[in-house]
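Notes follow once the structure below has been shown.
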């Protein structure tokens, strides 16, 4: 990087204030980005906001910086921006270049497709959750305090399983430049089972990694 070349803007996002304060999730994002940049300096913008919300003051500041200094925006994963095609399309039309560390060679068309897939996955998860709650209610299950307790316990169990898998991934020398399918194949080939005891797929790997981030 020459003395006149501006540092790229790095955008990091976590969903909760607790994650922002503790650094949980931020370090994993930084590691992926620093691997992509190869040790080059960068300017960091950190957002503590849900991926469902479009109001992102830190992202707006990062975009303004990129426009002013004619440099690119770097993120760790596409879903750190949003699971929303319209949001991603708006960023593409903002006039700046951006790259995701988990898919550095993806062009604008591919990024749009990935955003559409992420949005559809989010929609399906929401539909499955609503259907499960409706079925439970029809069976006479009280979806009040007890339901919240069970949901919390299930979430903790999922996080615990994700941490176990994280240890296994380290033992298998999984790196940040491996794609989801490669990780799924490696887990299946080495006999590691998913949380429900079945095979791994890109979606199940993505869910586990999202709980770690």
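Read-outs throughout are calculated quantities, based only on the coordinates presented, and are distinct from any laboratory measurement. Computed from a predicted model, the values in this text were never measured in an experiment. Neighbour counts are summed over all protein chains in view; Cβ atoms, including those assigned to glycine, are modelled from backbone coordinates with ideal geometry.
Remarks
- FRET E, pair residue 89, residue 68, Förster distance 22 Å, beta-carbon r, rounded to 0.05: 0.45
- The stretch between residue 113 and residue 161, if pulled fully straight at 0.36 nm per residue, gains 14.3 nm over its current Cα-Cα span.
- Förster-model FRET efficiency, 45 Å R0, residue 137 and residue 188, C-beta, rounded to 0.05: 0.80
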